[in-house]
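Read the structure below first, then the notes.
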Amino acid sequence: MLAPLAHARFTPETSSGVISLATPQRSAEPMSVITSIAEARIAVDTAAASATRMLSIYTQDLEPEVYDQTPFLEIIKSFVLARSFAKVRVLLVDPTRVMTDTNRFIAMGRRLSTYIDIRYVASHMPQQRSCAYLIADERAIVYRLRADTWDGIADFNNPAVARLHLAEFDSVWNASAPERALRVARHS
């Protein structure tokens, strides 16, 4: 599992504060190491912007530091409104925070329910993992082994690793029922 990290490279934050959401450049080095919230946001935004069909997000509580940010929300809005076949799937391990806080991603999910589907991880699953990741199509992945830290990896062109985690995501997705409570939470 950690073998791919041997070839990882550190990508420092941009000093200008300008974030490019263009299609990521392909480099000889396959992945970048993430060590801060700013790098996590940039990686998630870049991976999400590269999607053409599907985004799959596995998260503990739909981390507002990443997923309730205007740049990410704009990417999601553009993604689903530009493609009639686009789909965003979200698996939530602990929806407590989302149910009590106002979350713009959840509000967007209610408005665009045809494109954005949110499910709770089934309680009968043998192990609820503490990781967090986003997979764009079957190619790009931003992965954090522990959701309570910002340390992780980003790889925008690694179909083998993306498919491996997507298979795990699909297994949990199929075992988890859609949660109607998120659709009506904070709706009144």
Restricting attention to region 142-165, which residues are touching an Asp or Glu at 6+ places or on another chain (Cβ under 6 Å) and crowded, with 18+ Cβ neighbours inside 10 Å? 162
Does residue 44 count as outside any helix (DSSP H, G or I), of a type in the set (Val, Ile, Thr) and surrounded by 15 or more Cβ atoms within 10 Å (Cβ to Cβ)? no
The lone exception for residue 73 - which of (1) in contact with a strand residue (DSSP E or B) (Cβ under 6 Å, 6 or more places away or on another chain); (2) modelled with pLDDT of 95 or more it fails: (1)
In region 142-159, how many residues are modelled with pLDDT under 95 and part of a helix (DSSP H, G or I)? 0
Flagged in region 47-57 as in a strand (DSSP E or B) and either of a type in the set (Val, Ile, Thr) or surrounded by fewer than 23 Cβ atoms within 10 Å (Cβ to Cβ) (or both), in numbering order, are 54, 57
Hits in region 94-120 (condition: in contact (Cβ under 8 Å) with a residue 40 or more places away in the chain, not in a helix (DSSP H, G or I) and not hydroxyl-bearing (Ser, Thr, Tyr)): 95, 103, 116, 117, 118, 119
Contact list, first residue from region 58-87 and assigned to a loop (DSSP other than H, G, I, E, B), second anywhere and of a type in the set (Gly, Ala, Ser), beta-carbon distance below 6 Å, six or more apart or interchain, is 60/147
Select from region 80-130 the residues that are hydroxyl-bearing (Ser, Thr, Tyr) and at pLDDT 85 or above and write down the one among them that is nearest to residue 175 (Cα to Cα). 120
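The values are calculated or read from the model by the stated rules, or taken from the named source; none is laboratory data. Bear in mind the structure is a predicted one, so any value in this text is a computation, not a measurement. With ideal geometry, Cβ positions are generated from the backbone for all residues, glycine too; neighbour counts draw on all protein chains shown.
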